[in-house]
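Just below is one structure, and these are the notes that go with it.
No lab work stands behind these numbers, since they all come straight from the coordinates. Keep in mind that what you see is a predicted model, and the values were worked out from it rather than measured. In this analysis, Cβ positions are derived from the backbone assuming ideal geometry, glycine residues included, and neighbour counts consider all displayed protein chains.
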Amino acid sequence: MAINTKLSDRNGGTCELCSTLPATQEYTVSPKNDSSVDNQVAICDTCSTAIEKEDKSEYWRCLEGSIWSAEPAVQALSYRLLYTCKDNEWANDVIQSIELEEPVIQWALNAFEVAEVHRDAFGNTLESGDTVTLTQGLNVKGTSFTAAKGTVVRRIRLVPDNTDQIEGKINEQTIVILTKYIKKS
């Protein structure tokens, strides 16, 4: 696979991680996309294999140098790989000694974030558009009715900032319902 000319010029044809072997491929540092060289790192086949195998060995000691790169993508990938090796004293020492800008650290650690998921009272994953059933009667604040146990709520919407809440229509009124009181149908 040919490496983008701009990327190849940036690294002088060598791997931006180990700095010893010829760069053979472009590696896009997620969650960024391929559209910009600024989001890519030129790596060799050996580093690529180590990334794929999630290698946590001494091999990654080469990152002690690459973490100091001027390129944010190289810094982010180096930090991410060091973070996976943080149980090794040498990797932890490097992480503690480096001072990267906060956006670069967030970019690096983004790979370890687990997306928050809405779940019903029984642990089932909820998605917008699902149909749920109330597991107990609920007093609906601001209205004059009570939603009875067993009430079916169709086409729910997930509350984006709160995994404990959904929105749904009961008696033609949109209300917020706590996920601990529903069961996915």
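For the chain, what percent of Cα pairs sit more than 25 Å apart?
So the pairs more than 25 Å apart make up 52 percent of the total in the chain.
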_GluC sites (Glu not before Pro) restricted to the stretch 75-126 and DSSP loop, no more than 16 other C-beta within 10 Å_ = Glu99, Glu101, Glu113, Glu116
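Compute the projected area of the convex hull of the Cα atoms of the stretch 107-185, averaged over all viewing directions, and report it in nm² to one decimal place.
5.8 nm²
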*Efficiency by 1/(1 + (r/R0)^6): what FRET value for Lys86 and Lys53, r their Cβ-Cβ distance, R0 = 25 Å, to the nearest 0.05?*
0.90
*Which GluC sites (Glu not before Pro) from the stretch 1-69 combine a DSSP loop assignment with at most 14 other Cβ atoms within 10 Å?*
Glu54
*So what is the calculated 222 nm ellipticity per residue for the chain, using -39500 (n - 2.57) for each DSSP H run with n of 4 or more, over all residues, to the nearest 500 deg cm²/dmol?*
-7000 deg cm²/dmol
_What aspartates and glutamates does Lys169 reach when the alpha-carbon gap must be under 19 Å and sequence neighbours fewer than 8 apart in one chain are set aside?_
Asp120, Glu127, Asp130
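Cβ neighbours within 10 Å, averaged per peptide: list 27-33, 139-145, 170-176 in order, most packed at the top.
Put in order of decreasing packing, that is 27-33, 170-176, 139-145.
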*Search the structure for amide H atoms under 5 Å from the amide H of Cys85, placed 1.01 Å from N in the peptide plane, and list their residues when 5 or more places away or on another chain.*
none
*How big is D for the stretch 5-112, in µm² s⁻¹ as a whole number, if Stokes-Einstein is applied with the Kirkwood radius of its Cα pairs at 10 °C and 1.306 mPa s?*
116 µm²/s
_Within straight-line cross-link reach of Lys53, lysines at Cα separation under 18 Å, skipping those fewer than 8 residues along the same chain_ = Lys86
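Taking every pair of Cα atoms in the stretch 88-144, average 1/r, invert it to obtain the Kirkwood radius, and report Rg/Rh to two decimals. Please report the intermediate quantities before stating the final value.
Values: Rg = 21.7 Å, Rh = 16.5 Å.
Reported Rg/Rh, Kirkwood definition of Rh: 1.32.
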*asked:* What lysines does Lys6 reach when the alpha-carbon gap must be under 19 Å and sequence neighbours fewer than 8 apart in one chain are set aside?
replied: Lys32
*Does anything in the stretch 154-175 have its amide N under 17 Å from the 7 Å Cα→Cβ label point of Thr131, and if so which residues?*
154-157, 168-172
